[in-house]
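The values are calculated or read from the model by the stated rules, or taken from the named source; none is laboratory data. Predicted model only: the values in this text are computed from it and were never measured. In this analysis, Cβ positions are derived from the backbone assuming ideal geometry, glycine residues included, and neighbour counts consider all displayed protein chains. Just so you know, the surface numbers come from the protein's heavy atoms only, side chains and all, with ligands and any DNA or RNA stripped out. Shrake-Rupley method; radii C 1.70, N 1.55, O 1.52, S 1.80 Å.
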Amino acid sequence: MRFIVSSAQLLKNLQKISGVISTNTVLPILEDFLFQINKGRLHITATDLDTTMSVEMDIEANDDFTVAIPARILLDSLKALPDQPITIAVNESLGIEITTDNGKYKLSGENPEDFPKEPIATGTESFKIEAAVLNNSVQKSLFAVSNDELRPAMTGVFFQLDENGITFVATDAHKLVKINRKDIEVSGNSAFIVPKKALGLLKGVLPNSNTEVTVEYGEQNAFISFDNIKLICRLIDAKYPDYNAVIPKENPNLLTINKADLLASLRRTSIFSNKTTHQVALGLNASELEVSAKDLDFSNEASEKLNCEYKGNPMEIGFNAKFLIEMLSVLENEAINIELSTPNRAGIIKPTDLDENEDLLMLVMPVMLNN
């Protein structure tokens, strides 16, 4: 049993799904790719039991067969080969031989029967979304997801579907991102939480184009497919916190500023901040913003003044510079609004030039200033 394939094309497709494979798994079979050849089409699968990714490609093959191939040695071999047609042959005892223009390489395959079965979509609902829209929403929200395993609901992005479209929410209790897309049609009201790892893998392969992505979801799993790629992930079984309750409604103080200027200033001044708290202070008055940082333990100090528009009472408020930098880095907008009420209440960041189909809000909790 054998097939012929381009080494570069095979490597490219394997790299799309190789991120699923865990290096310290208790089941050796999870360190393999499952190769399924059917009518000249190769279907490759990788899984860690919670997330499964698969990719399809055309090959030259006369036989239909299935084999599990160790991922690391196969990937390393293909990376070291120049682009050329290669022949992969499998014998009855699952011995694998890779033949190139000037070499032969042998390794042992494993029994495909031991590879976990792929979940099947039954009783699911679905919606369609452009790849660029999904990619953009994931990029803007994924950084705010919590790593705290004690609060499992917050270790994923919340998808909320209703008559207003889809709302993506991510929070770690210090920062929050809420994105509402009004240009996606869904049927009925429903919600589910997609784990961080699955969305990170998805972000790596989604094209920034109008390619149509189909998202199916049931009680336990989500099935996301586009082009020749499919991702299946186990959803987080937990109740998402009431995120609307933490978003302050009355914010009379409004700062409008160039995003790039503020981002650059935060990157410079935060070098001088305390390495534990990353604290920076924003001093606000009518036409000027002062960004300052101090590390009293080492007598480090920095301050900069930026032009801005500010409507409200003069105030000084402290934030974690790391959080602000993460938030501003994912925004494409030229200018932003920061809505504030008092120094001990959350700040709201919004782009000034709103997309008619996207309603974006970012929230960041303040920190107590060490004066």
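What the table shows:
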{"read-out": "Per residue convex hull volume, Cα atoms of the stretch 141-192, in Å³", "value": "66"}
{"read-out": "For the stretch 36-84: rounded, prolate or oblate by the Cα gyration tensor [a/c cutoff 1.5]", "value": "oblate"}
{"read-out": "Inter-centroid distance (Cα atoms) of the stretch 285-360 relative to the stretch 74-125, Å", "value": "52"}
{"read-out": "Those aspartates and glutamates that a straight Cα-Cα span of less than 16 Å connects to residue 104, excepting residues fewer than 8 apart in one chain", "value": "76, 83"}
{"read-out": "Amide H within-cut-off set for residue 33, under 5 Å, with H built and near neighbours excluded", "value": "69, 71"}
{"read-out": "Only Lys, Arg (+1) and Asp, Glu (-1) charged, at Cβ; the stretch 195-292 dipole about Cα centre in debye", "value": "420"}
{"read-out": "For q = 0.17 Å⁻¹, Debye-computed log10 I/I(0) when each Cα of the stretch 1-116 counts as one equal scatterer", "value": "-0.79"}
{"read-out": "More than 22 angstrom apart: percent of Cα pairs within the stretch 274-371", "value": "31"}
{"read-out": "Within the chain, helix-based [θ] at 222 nm, where runs of 4 or more DSSP H residues each add -39,500 (n - 2.57), nearest 500", "value": "-5000 deg cm²/dmol"}
{"read-out": "Zone residues, the stretch 111-148, relative to residue 185, backbone N less than 14 Å from point 7 Å out along Cα-to-Cβ", "value": "126-130"}
{"read-out": "Selection of GluC sites (Glu not before Pro), the stretch 163-215, meeting DSSP coil and at most 14 other Cβ within 10 Å", "value": "163, 185"}
{"read-out": "Table column - 3J(HN,Hα) (Hz), the stretch 257-264, Karplus curve with 6.51, -1.76, 1.60, x for Gly and Pro", "value": "8, 5, 5, 5, 5, 5, 4, 5"}
{"read-out": "In order through the stretch 233-250: 3J(HN,Hα) via Karplus (6.51 cos²θ - 1.76 cosθ + 1.60), integer Hz, x for Gly, Pro", "value": "9, 6, 6, 7, 8, 7, 8, 6, x, 6, 5, 5, 5, 9, 8, x, 8, 9"}
{"read-out": "Per residue, in Å², the accessible surface of the chain once ligands and nucleic acids are set aside, probe 1.4 Å", "value": "50"}
{"read-out": "Ellipsoid equivalent to the stretch 103-158 - semi-axes via the Cα gyration tensor, in Å", "value": "34, 19, 18"}
{"read-out": "Residue-level accessible surface for residue 309, protein heavy atoms, 1.4 Å, Å²", "value": "120"}
{"read-out": "Solvent accessible area, Å² - residue 118, 1.4 Å probe, full protein context", "value": "70"}
{"read-out": "Neighbourhood net charge (9 Å Cβ-Cβ; Lys/Arg +1, Asp/Glu -1) for residue 71", "value": "-1"}
{"read-out": "Heavy atoms of residue 44 accessible to a 1.4 Å probe, total area in Å² rounded to 10", "value": "0"}
{"read-out": "Built amide H within the under 5 Å cut-off of residue 352, gap 5+", "value": "335, 336, 337"}
{"read-out": "Sequence-distant residues sharing a close amide H with residue 330 (under 5 Å, placed H)", "value": "none"}
{"read-out": "With eigenvalues of the C-alpha gyration tensor scaled by 5 and rooted, the stretch 194-293, Å", "value": "39, 19, 16"}
{"read-out": "Alpha-carbon spread of the chain, three principal axes, descending order, Å", "value": "78, 51, 36"}
{"read-out": "Accessible heavy-atom area order of 237, 359, 295, 48, highest first, probe of 1.4 Å", "value": "237, 359, 48, 295"}
{"read-out": "Under Karplus coefficients 6.51, -1.76 and 1.60, residue-wise ³J(HN,Hα) of the stretch 81-95 in Hz, glycine/proline x", "value": "8, x, 5, 6, x, 10, 10, 10, 10, 10, 8, 5, 8, 6, x"}
{"read-out": "For the stretch 111-220, Kirkwood radius (reciprocal of mean inverse C-alpha pair distance, Å)", "value": "15.0"}
{"read-out": "Protein accessible area in the chain, 1.4 Å probe - carbon and sulfur %", "value": "46"}
{"read-out": "Distance violations [Cα-Cα > 25 Å] among 203/350; 117/239; 12/203; 79/128; 196/294; 175/230", "value": "117/239; 79/128; 196/294; 175/230"}
